Amino acid sequence: MLFRSNQNSSSNKDEKKNQNNETIEQADKPNNKEVKIGDQTWTTSNLDVALFQNGDTIPLAKNDDDWKSACDQKKPMSAYYDYDESNGAKYGRLYNWYAVKDKRKITPNGWHVSTRAEWEQMRNYLGGDSIAGKKLKTKTGWEKSGNGTNESGFFAIPAGTFHFLGGGQGVLRIGQWWTSSEMDDDQAYAPCI
């Protein structure tokens, strides 16, 4: 999942405490670099945070049952691909829609989950549907000659997606990202490359 810089708000480094009175920093700054595409600023790696902006923990699923239960109850949940934390270094965390839309916000301060319109603006800037995906994709890592040129500097990786019932799919074949553009209570527009 990638985020667009909020141009009306700057990142700050105010010290915060979570519910256990532990200092938190990850909610205050992106854990990655940024790239300018047109007049938009995007991160260049997928999000991997364990706390909402207010310091509350984002639950981490350990198996399909945890993931499905949270989705059934419409509660926030995150997971690593195949429930293996070592996959976080490459793919970041996967989040369900309830974590993405939670009012406590999963994004670092000064950032927000991009909208459908922001994705469309970026796609159009890069030349439209027929060529934008190739410019966003990394040069390696995609199956079946699916590699891109990464001309944009976006570094889209084939991290796949996570099904509502649990279990990842599409790793090495697709990349999919949430937006804040809600379709209904249970889903949102999610561009796929």
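The values are calculated or read from the model by the stated rules, or taken from the named source; none is laboratory data. Keep in mind that what you see is a predicted model, and the values were worked out from it rather than measured. Backbone-built Cβ (ideal geometry, glycine too); neighbour counts: all protein chains shown. Side chains are part of the model used for accessible areas, which takes the heavy atoms of the whole protein and leaves out ligands, DNA and RNA. Shrake-Rupley method; radii C 1.70, N 1.55, O 1.52, S 1.80 Å.
Brief remarks on what is shown
- D102 vs. criteria out of contact with any strand residue (DSSP E or B) (no Cβ under 9 Å at 6 or more places or on another chain), over 19 Å from P191 (Cβ atoms) and either surrounded by 17 or more Cβ atoms within 10 Å (Cβ to Cβ) or not charged (D, E, K, R) (or both): yes
- Extreme residue, surrounded by the most Cβ atoms within 10 Å (Cβ to Cβ), among residues of the stretch 148-177 that are more than 30 Å from D64 (Cα to Cα) and polar (S, T, N, Q): S152
- Residue within the stretch 36-58 that is assigned to a helix (DSSP H, G or I), surrounded by 19 or more Cβ atoms within 10 Å (Cβ to Cβ) and not aliphatic (A, V, I, L, M) present: no
- Where V113 falls short, out of the listed (1) at pLDDT below 90; (2) of a type in the set (V, I, T); (3) over 19 Å from Y80 (Cβ atoms): (1)
- When residues in the stretch 177-190 are screened for being touching a residue at least 60 places away in the same chain (Cβ under 8 Å) and not in a loop (DSSP other than H, G, I, E, B), 3 of them pass.
- Residue count, the stretch 112-123 (criterion: open to solvent by 20 Å² or more (accessible area, probe 1.4 Å) and out of contact with any helix residue (DSSP H, G or I) (no Cβ under 8 Å at 6 or more places or on another chain)): 7
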